[in-house]
């Protein structure tokens with residue numbers, strides 16, 4: 001099951017680290033959201049849009065992953081429809097929607113030294129102190145957790161209701177979105193050097209939402225962040241604008257005449273403003289850029 005988690009985590013991590021984040025239903029209420037990074041990706045919608053997820057390189061084509069596909073019957077490239085996740089300081093929680101062969105998964109867990117009792121499965125992860133647990137919420141939905149707590153997934157049995165006005169009472173209807181709490185913003189450190197400056201500025205907000213939305217024949221990544229005051233929102237919009245201008249100058253100095261599929265160029269096209277205590281931003285995303293991320297190599 002360590003490989004199952006690796007396959008599922010790969011989807012979330014791949015999109016999260018690239019963008020820095022579908023319709024939503026009550027399944028979001030299963031996840032712990034306090035002081036968490038919460039996101040959702042509608043994989044089925046992305047496939048329907050003509051993007052081939054995965055590719056022939058990287059962790060998704062490692063021999064162990066191929067063995068997992070063969071033995072468990074789950075292939076996220078074909079069988080995963082939607083992934084909703086919540087990353088807290090102590091655990092990673094997932095609600096996974098797709099097609100599962102539960103009998104094969106049960107057999108696979110036992111072959112890996114884990115156990116399944118009354119549909120609740122546990123197994124050690126690939127790293128010390130990492131335990132993986134999961135169970136079916138229904139036939140096509142898996143609740144899964146990766147934590148030092150062997151039974152962490154049990155927390156996903158209860159459904160929580162969000163009060164009106166809560167960020168998740170009306171979550172975005174988009175192929176991909178990611179919400180940072182103030183707590184999670186403090187520890188968010190992207191691998192991409194180009195994103196680190198933006199992340200440092202967003203740490204000064206109270207919470208931030210990133211949404212990937214279709215726009216005409218392309219896409220846009222929209223930023224909505226709540227600040228402590230209108231003055232703070234204005235100041236941060238100015239900081240982001242200055243950082244974007246600096247990035248544009250660096251691209252010209254390095255003669256990096258990047259094409260529309262270049263990640264740095266995407267960042268350099270950002271636009272920002274403020275409305276009351278809200279900081280807004282958007283980055284146009286050419287379809288060629290997404291194709292370069294999603295399509296097979």
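The values are calculated or read from the model by the stated rules, or taken from the named source; none is laboratory data. Just so you know, these numbers come straight off a predicted model, no measurement behind them. Note that we place each Cβ from the backbone using ideal geometry, even for glycine, and neighbour counts take in every protein chain shown.
Observations on the model:
- Here 139, 197 are screened, and the one residue that is farther than 16 Å from residue 40 by Cα and outside the structural domain of residue 81 (by TED's automatic domain parsing) is 197.
- Residue 148 assigned by TED's automatic domain parsing to the domain that holds residue 40 and either over 19 Å from the mean Cα position of the chain (by Cα) or modelled with pLDDT of 90 or more (or both): yes
- Conditions (1) in a strand (DSSP E or B); (2) at pLDDT 90 or above; number of the one not met by residue 89: (1)
- Residue 266 being in a helix (DSSP H, G or I) and either surrounded by 15 or more Cβ atoms within 10 Å (Cβ to Cβ) or at pLDDT below 80 (or both): yes
- Selection count where residues are under 19 Å from residue 271 (Cα atoms) and either touching a strand residue (DSSP E or B) at 6+ places or on another chain (Cβ under 8 Å) or modelled with pLDDT under 60 (or both), scope region 288-297: 0
- Unmet criterion (only one of (1) in contact with a helix residue (DSSP H, G or I) (Cβ under 6 Å, 6 or more places away or on another chain); (2) within 18 Å of residue 283 (Cα to Cα); (3) in a loop (DSSP other than H, G, I, E, B)) for residue 248: (3)
- Residues that are closer than 15 Å to residue 27 by Cβ and touching a helix residue (DSSP H, G or I) at 6+ places or on another chain (Cβ under 6 Å) number at least 1 in the following strands (runs of 3 or more DSSP E) confined to region 97-210: 131-138, 141-147.
- Residue that is nearest to residue 270 (Cα to Cα) [pool: residues in region 189-208 that are in contact with a strand residue (DSSP E or B) (Cβ under 8 Å, 6 or more places away or on another chain) and surrounded by fewer than 19 Cβ atoms within 10 Å (Cβ to Cβ)]: 207
- Qualifying residues in region 22-50 (those that are at pLDDT below 70 and crowded, with 18+ Cβ neighbours inside 10 Å) - the one farthest from residue 190 (Cα to Cα): 24
- Qualifying residue in region 213-232 (condition: over 20 Å from the mean Cα position of the chain (by Cα), part of a loop (DSSP other than H, G, I, E, B) and at pLDDT below 90): yes
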